[in-house]
Amino acid sequence: MTFNELGLCTAILKALDTQGYVQPTPIQQGAIPPALAGRDVLGIAQTGTGKTCAFAAPILQRLAARPVQGKRPIRSLILTPTRELALQIQESFLAYGKNLPLRSAVIFGGVGQQPQVDQLRRGLDVLVATPGRLLDLQGQGFIDLSQVEIFVLDEADRMLDMGFIHDVRKVLKLLPEKKQTLFFSATMPPEVQSLVNALLHDPAKVTVTPVSSPVEVIDQSLYFVDKPNKSKLLAHLVSQPGVKNALVFSRTKHGANKIAGELSKAGISAAAIHGNKSQTARQQALSDFKAGRVKVLVATDIAARGIDIEELSHVFNYNLPDVPETYVHRIGRTGRAGHGGAAISFCDISERDDLKDIEKLLGRKIPVVEGHPWPMENFTPPQRDKHGKLVNPEDAEARQAARERKQQRKQAKPTETAPVGAGSKPARAGRDDSARQTPTPVLRDRTPGQKRQAAGYKPSKTLDEALTAMSPKREQKRPAGRRDGTKAPRIPAQPSFRREALPTEDTRSERDLAFERWMAEERAIQAKQGYTDALSSDTVMDATARLLAPRKSAQKTAAQPQQPKQQRPKAHPNPIQRPSQRAAAPAKPVQKAAPAPQKPSKPQKLQKPSPSLEDRKAQIRAATKARRRGGPEAPKTAHQKDSTEQPSLMKPYYLSDD
């Protein structure tokens, strides 16, 4: 049978011919015709039997027959368990549909989502995705699966092994009820069978080989070797002329890195690929392996079904898997598309039980190779834990390595230091200040007193020390001078004091003496210019009385015309005048108020001269004595007024015109 007999269109046949496809494989012969007819398909076949072409070619032909105008919705969804497998399926869609006006894209985690979002916004016909990133973008509103016509679930049993079965059920709820489903799996465990019964409707079942049986063209062999000698035996076998390239499977991620490092030391180009590697590193390692730049690719089971390499010559099981079906998936990486291949497995004393389970699944014994340089010499039974389970040395070594890496990360973290403040400067480039600047660790369990003591706080013993420590640390500037032109004496500068060098008693006494001399000079200058201290005489009593005098009513104030501001006499620099100066001052002419337009106002009487200072003092003393005795106050004379009944001649200091 040829591809022309399967009913494929000319555009797809040309693309398949370009890829070198001549005759369809058994899975393609059984799956393509019912898929083109729109029926559900259940395909059970091993990896490397051409399953991708079995569902990609019918999908492309059905979608191309019904083109969509305007923005393209997602009409076909292919769900895969691994990123590598998703990339390879996308490459197949691009190769098979290069002559068709259809768009396809792939999305998976581990990389930035923006390029994938841009492709989704432009419109797609076919979307290849992993479950995690698909649900993530759908939750963000970038993916609409309501118009999916064809749904493909590839490697369903691997989805179950990797814990994606719950994500698969979430995706199924987002799909329309009426659709075509293509279901492919290498094995059929009970969980997968229940999913098939709920998802497929009258499917066309295509079974190529018995469940979990390996491809017959693969040459299998087994080497019994102790665990410490496995790396030596691997390097010896990989160096043989018949090994073109090799895929080595490790049980743990730590083991994969270790194997790749030992092969590199032996002069063999090798790279590791596992879940702890970034997506970029995994794609680079896989690309180098396909291009032949790397001879050996060491992988964990995550890549068991995600790597499709044509003409892979050898597969090495460095550690036997504890699940028998995984052995079938591993060796299925070679012998693809009818090509031959070799699968070599290593077995130590702790893997005897795993070997029995694998041979039971295969139904036959794996041929054992004798006479190699490192035969097994350790026949001591493996250790068991308290539950009777075998302790795998590979797992124990991986856990110990993980603990060591965690401890190294803790030690590599920089010591938390106090913030850089006064007295500490950042180190200059090219200068070793480690001996001079030692970072001070910040202890979170210290008391406030301990923190102050660590910061250099020193309590003051006396009040003078406390005041000195709180004094400002800048020098006082010298005054510019007085209004009369005389220079003010220099104020002694206040030195900046530190806790480690407080001023002595002699220094403070000298400062006090200098201050007293300056005050004496100031008093002499004030006495020479006629200034008096109002607080040293009874003048303060009169000043206080005038300040407390009640203001005139608003009606009387409005009746008097205000004097222009420019005609007011300039206030004396010293508002408190002596009695002799106040009496000698010329009396101000009293102006009569202008008549109001509504009703004429009475002319105001001329203000009588204020009584003398001695009369006011006597009046105040008499009033005070009368209040103390409880008798009537002294009568006022007709020409005498109390100081509170007349406007104050004193101007407050805060209203000076200066």
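In a strand (DSSP E or B), touching a helix residue (DSSP H, G or I) at 6+ places or on another chain (Cβ under 7 Å) and open to solvent by less than 60 Å² (accessible area, probe 1.4 Å), is that true of residue 206? Considered against the rule, which asks whether it is in a strand (DSSP E or B), touching a helix residue (DSSP H, G or I) at 6+ places or on another chain (Cβ under 7 Å) and open to solvent by less than 60 Å² (accessible area, probe 1.4 Å), residue 206 comes out as yes. Which of the residues spanning region 129-166 are open to solvent by 40 Å² or more (accessible area, probe 1.4 Å) and either part of a strand (DSSP E or B) or aromatic (Phe, Trp, Tyr) (or both)? Once the filter is applied, which keeps residues that are open to solvent by 40 Å² or more (accessible area, probe 1.4 Å) and either part of a strand (DSSP E or B) or aromatic (Phe, Trp, Tyr) (or both), region 129-166 yields 142, 164. In the condition set (1) in contact with a helix residue (DSSP H, G or I) (Cβ under 7 Å, 6 or more places away or on another chain); (2) assigned to a helix (DSSP H, G or I), residue 169 is compliant with all but (1).
Filtered by the rule that a residue be outside any strand (DSSP E or B) and either within 22 Å of residue 147 (Cα to Cα) or β-branched (Val, Ile, Thr) (or both), region 176-194 gives 176, 177, 178, 179, 187, 192.
Among the residues that make up region 101-109, is at least one of them in contact with a strand residue (DSSP E or B) (Cβ under 9 Å, 6 or more places away or on another chain), part of a loop (DSSP other than H, G, I, E, B), open to solvent by 20 Å² or more (accessible area, probe 1.4 Å) and not aromatic (Phe, Trp, Tyr)? Within region 101-109, one or more residues are in contact with a strand residue (DSSP E or B) (Cβ under 9 Å, 6 or more places away or on another chain), part of a loop (DSSP other than H, G, I, E, B), open to solvent by 20 Å² or more (accessible area, probe 1.4 Å) and not aromatic (Phe, Trp, Tyr). Restricted to region 242-262, and to residues there that are among the polar types (S, T, N, Q) and within 41 Å of the chain's Cα centre (by Cα), the residue that is most open to solvent (accessible area, probe 1.4 Å) is 257. If you go through region 279-297, how many residues are over 14 Å from residue 248 (Cα atoms) and out of contact with any Phe, Trp or Tyr (no Cβ under 9 Å at 6 or more places or on another chain)? Counting residues in region 279-297 that are over 14 Å from residue 248 (Cα atoms) and out of contact with any Phe, Trp or Tyr (no Cβ under 9 Å at 6 or more places or on another chain) gives 11.
Yes/no matrix, rows are residues, columns are (1) within 45 Å of the chain's Cα centre (by Cα); (2) polar (S, T, N, Q); (3) open to solvent by 10 Å² or more (accessible area, probe 1.4 Å):
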{"residue": "7", "(1), (2), (3)": "no, no, yes"}
{"residue": "12", "(1), (2), (3)": "no, no, no"}
{"residue": "38", "(1), (2), (3)": "no, no, yes"}
{"residue": "55", "(1), (2), (3)": "yes, no, no"}
{"residue": "60", "(1), (2), (3)": "yes, no, no"}
{"residue": "85", "(1), (2), (3)": "yes, no, yes"}
{"residue": "88", "(1), (2), (3)": "yes, yes, yes"}
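Considering only residues of region 326-348 that are part of a helix (DSSP H, G or I) and touching a helix residue (DSSP H, G or I) at 6+ places or on another chain (Cβ under 7 Å), which is most open to solvent (accessible area, probe 1.4 Å)? Checking each candidate, the answer is 326.
Assess whether residue 123 counts as being farther than 27 Å from residue 43 by Cα, of a type outside the set (Phe, Trp, Tyr) and open to solvent by less than 50 Å² (accessible area, probe 1.4 Å).
Against the criterion (farther than 27 Å from residue 43 by Cα, of a type outside the set (Phe, Trp, Tyr) and open to solvent by less than 50 Å² (accessible area, probe 1.4 Å)), residue 123 qualifies.
Filter region 217-266 for residues that are part of a helix (DSSP H, G or I) and either of a type in the set (S, T, N, Q) or closer than 20 Å to residue 367 by Cβ (or both) and give the result. 229, 230, 231, 233, 234, 236, 237, 238, 257, 264 - these are the residues of region 217-266 that are part of a helix (DSSP H, G or I) and either of a type in the set (S, T, N, Q) or closer than 20 Å to residue 367 by Cβ (or both). Of all residues in region 349-371, those satisfying the criterion of being hydrophobic (A, V, I, L, M, F, W, C) and outside any loop (DSSP other than H, G, I, E, B) are 349, 355, 358, 361, 362, 368. So for region 64-75 (the condition being open to solvent by less than 60 Å² (accessible area, probe 1.4 Å), more than 27 Å from residue 192 (Cα to Cα) and outside any loop (DSSP other than H, G, I, E, B)), does at least one residue qualify? Checked region 64-75: at least one residue is open to solvent by less than 60 Å² (accessible area, probe 1.4 Å), more than 27 Å from residue 192 (Cα to Cα) and outside any loop (DSSP other than H, G, I, E, B). Residue-level analysis places residue 247 among those that are within 24 Å of residue 354 (Cα to Cα) and at pLDDT 90 or above. Could you look through region 1-21, keep only residues that are in contact with a helix residue (DSSP H, G or I) (Cβ under 8 Å, 6 or more places away or on another chain) and in a loop (DSSP other than H, G, I, E, B), and pick out the one that is farthest from residue 203 (Cα to Cα)? The residue in question is 19.
In contact with a strand residue (DSSP E or B) (Cβ under 6 Å, 6 or more places away or on another chain) and open to solvent by 20 Å² or more (accessible area, probe 1.4 Å) - does that describe any residue in region 228-241?
No, region 228-241 contains no residue that is in contact with a strand residue (DSSP E or B) (Cβ under 6 Å, 6 or more places away or on another chain) and open to solvent by 20 Å² or more (accessible area, probe 1.4 Å).
For residue 57, the conditions (1) touching a residue at least 12 places away in the same chain (Cβ under 8 Å); (2) farther than 28 Å from residue 123 by Cα are fulfilled apart from (2). Yes or no: residue 81 open to solvent by less than 10 Å² (accessible area, probe 1.4 Å), part of a loop (DSSP other than H, G, I, E, B) and either at pLDDT below 90 or not small (Gly, Ala, Ser) (or both)? Spelling it out, residue 81 is indeed open to solvent by less than 10 Å² (accessible area, probe 1.4 Å), part of a loop (DSSP other than H, G, I, E, B) and either at pLDDT below 90 or not small (Gly, Ala, Ser) (or both). Of all residues in region 301-315, those being open to solvent by 10 Å² or more (accessible area, probe 1.4 Å) and modelled with pLDDT of 85 or more number 2.
Inspect region 265-278 for any residue being touching a residue at least 60 places away in the same chain (Cβ under 8 Å) and surrounded by fewer than 20 Cβ atoms within 10 Å (Cβ to Cβ) and give the result as yes or no. Checked region 265-278: at least one residue is touching a residue at least 60 places away in the same chain (Cβ under 8 Å) and surrounded by fewer than 20 Cβ atoms within 10 Å (Cβ to Cβ).
The values are calculated or read from the model by the stated rules, or taken from the named source; none is laboratory data. Owing to the predicted nature of the structure, the values given are computational and were not obtained by experimental measurement. Every residue, glycine among them, receives a Cβ derived from its backbone with ideal geometry; neighbour counts consider all protein chains shown. For the accessible areas, the whole protein counts, side chains as well, though only heavy atoms, and no ligand, DNA or RNA atoms are used. Shrake-Rupley method; radii C 1.70, N 1.55, O 1.52, S 1.80 Å.
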